[in-house]
Amino acid sequence: MTPKPKYDIALIGGGIMSATLAAMLHEFDPKLKIVIFERLGEVAKESSSAWNNAGTGHSAFCELNYTPEKEGKIDIKKAEYIAEQFEVSKQFWSYLINKGLIDNPKEFINSCSHMSFVFGEKDVEYLKKRHAALQKSALFQGMEYADDHKTLEKWVPLMMQKRMSSDKLAATKMDQGTDVDFGKLTSKLIDYLKDKESIDVFTYHEVKDVSPMKKGEWKLKVKNRKTLTKHNLKAKFVFIGAGGYALPLLDSSGIEESKGYGGFPVSGQWLVTTNPELVEKHNAKVYTQATVGAPPMSVPHLDLRIIDGKKALLFGPFAGFSTKFLKEGSYLDLPDSVNFKNIRSLFGAWWHNMPLTRYLIQQVTMNKSQRMSHLRDFVKDAKEEDWELKHAGQRVQIIKRDRFEGGRLEFGTEVVVNKEGNIASLLGASPGASTSAFAMIMVLEKCFGEKLKNEWHDKLLEMVPSYGKKLAEHPELINQIREYSKEKLELEY
Ligand SMILES: Cc1cc2nc3c(=O)[nH]c(=O)nc-3n(C[C@H](O)[C@H](O)[C@H](O)COP(=O)(O)OP(=O)(O)OC[C@H]3O[C@@H](n4cnc5c(N)ncnc54)[C@H](O)[C@@H]3O)c2cc1C
């Protein structure tokens with residue numbers, strides 16, 4: 001099969017974002033002719049793949065960087081925003097299960113307590129305040145706090161081994177947390193979509209260029225990486241869900257909104273164990289404070305993972321440096337991405353982020369024994385032979401043009417859309433896959449606003465019953481949708 005000459009919608013990349021957008025669009029209008037291109041032999045092999053990310057269903061239950069302390073007060077606004085975004089994803093996945101479009105939710109989502117764990121008097125004080133502040137929001141009801149060793153031994157036995165009774169420690173625990181295999185979810189979605197008559201999915205097909213045509217259409221140049229044949233085709237709407245390769249494709253489109261962006265690749269590594277004795281003693285995702293200079297996505301955590309029905313523990317991430325923009329990318333990605341439009345932003349971001357540069361150099365030069373000593377902050381008697389070093393996915397931190405600093409590093413997820421609303425792209429990494437449904441609704445609002453309001457609104461409400469409402473202001477709705485997704489996604493808390 002070869003691509004048709006014309007589609008309504010072209011989605012570049014077979015990760016969680018394209019799969020989510022394609023599923024939504026097909027539900028709204030099954031007649032839309034949709035094509036998905038993936039450059040690798042299978043979908044979900046880059047960032048969305050289970051071992052390439054930490055699988056945290058980011059809900060701000062455990063991530064301390066979403067609740068900064070400002071003048072002695074804990075600001076919970078960002079935490080509420082993140083928690084709401086994940087509730088949108090859970091509602092959408094519940095809809096997919098309820099309609100029978102995908103099945104067996106346990107294959108991609110499982111209950112797993114989310115905990116914050118801190119060391120030392122200052123951080124214990126902060127955690128206590130954070131807990132009190134979050135208790136005022138309906139989104140965080142049920143979060144428990146403890147600073148006595150007896151309770152902590154029950155919550156995290158592996159982490160409490162060999163602690164001194166004088167150690168100042170504290171933790172919060174939220175049993176509604178989740179571990180998500182975003183790769184499995186993506187594959188389930190694409191398997192469902194590729195059987196539809198109106199949808200074509202091509203693997204081994206790399207989109208090389210996206211350029212504007214007359215009448216608001218886009219021309220895509222596509223190369224089959226197996227047969228080396230080339231294809232040109234047209235699409236009315238393009239979504240660039242190409243992960244680390246989104247930047248160069250966005251640049252090829254020439255849209256005004258893409259100018260001044262640069263990218264800085266950060267690779268990652270985990271320490272992983274499948275030793276049943278250790279796994280048995282750790283049933284949570286445990287996040288702590290970041291070290292000075294570390295970017296928010298490098299906050300250390302010790303996580304239970306459930307992948308293909310098997311349990312494992314993962315510790316990290318350790319940041320690394322590679323000039324590739326994708327794990328399966330090219331070492332020339334970074335040098336090729338530098339041009340006269342973004343060089344000022346790149347230089348500015350580097351100059352104003354010296355602590356980050358120092359942090360990365362320190363991380364890159366660590367050997368396994370040094371990484372083990374970081375793990376021993378969490379698991380005092382961790383033994384090197386139990387833990388194996390595994391490569392995580394590649395992230396491309398966005399660098400945005402900034403009037404004052406030249407360029408600024410951005411750590412969030414950013415949706416870039418042109419003013420005509422016929423091309424959109426997703427940049428950035430965090431909070432990432434957890435926000436896939438929320439982020440794709442944002443793309444729909446920006447690009448299909450009228451249709452969403454006039455034709456697709458009822459369907460959207462069926463998919464996401466809380467759409468249009470701020471959950472933090474509707475406690476009764478939170479309980480309702482959480483009960484609904486608990487049942488549909490077979491969560492156990
Ligand atoms: C170390 C690490 C830890 C993370 N932890 C978490 C976490 O705990 N929770 C969370 O929610 N998120 C996490 N994330 C973020 C999350 O993994 C990403 O936000 C999400 O997977 C991005 O999905 P995507 O579809 O945009 O990109 P990807 O999954 O990377 O998919 C992009 C696809 O596009 C393909 N592609 C690229 N260029 C082309 C082209 N030209 N033509 C055709 N195909 C192309 C690629 O091969 C790839 O398959 C983490 C990420 C990393 C790297």
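Odds and ends about this structure:
- Over the chain - Rg/Rh using Cα atoms and the Kirkwood inverse-distance radius: 0.96
- Carbon-plus-sulfur accessible fraction, the chain (probe radius 1.4 Å, protein heavy atoms only): 51%.
- Angle between the chain longest axis and helix 354-364 axis [Cα atoms, degrees, rounded to 10]: 80
- Radius of gyration over Kirkwood radius for the range 153-262, both on Cα atoms: the Rg/Rh ratio is 1.25.
- Nearest-ten-degree value, helix 182-194 long axis tilted from longest Cα axis of the chain: 30
- Multiplying the residue separation of GLU492 and GLU256 by 0.36 nm and removing their Cα-Cα distance gives an extension gain of 80.2 nm.
- Our estimate of slack between LYS341 and TYR467, defined as 0.36 nm per intervening residue step minus the Cα-Cα distance, is 41.5 nm.
- Residue separation of LYS150 and LYS73 scaled by 0.36 nm, minus their Cα-Cα distance, works out to 24.8 nm of gained length.
- Ranked by the mean number of other Cβ atoms within 10 Å of their residues, highest first, the peptides 432-440, 127-135 fall in the order 432-440, 127-135.
- Cβ-defined net charge surrounding LYS226, 14 Å radius [Lys, Arg +1; Asp, Glu -1]: +1
- As a length-normalised measure over Cα pairs under 8 Å and 6 or more apart, the relative contact order of the range 19-149 settles at 20 percent.
- From the alpha carbon centroid of the range 270-292 to that of the range 312-349 is 27 Å.
- Rounded accessible area per residue of the range 6-488, 1.4 Å, Å²: 43
- For the range 32-79 and the range 432-470, distance of Cα centres in Å: 18
The values are calculated or read from the model by the stated rules, or taken from the named source; none is laboratory data. Just so you know, these numbers come straight off a predicted model, no measurement behind them. So basically every Cβ, Gly included, is an ideal-geometry build from the backbone, and we count neighbours across all protein chains shown. These accessible areas exclude ligands, DNA and RNA; they are computed on the full protein's heavy atoms, side chains included. Shrake-Rupley method; radii C 1.70, N 1.55, O 1.52, S 1.80 Å.
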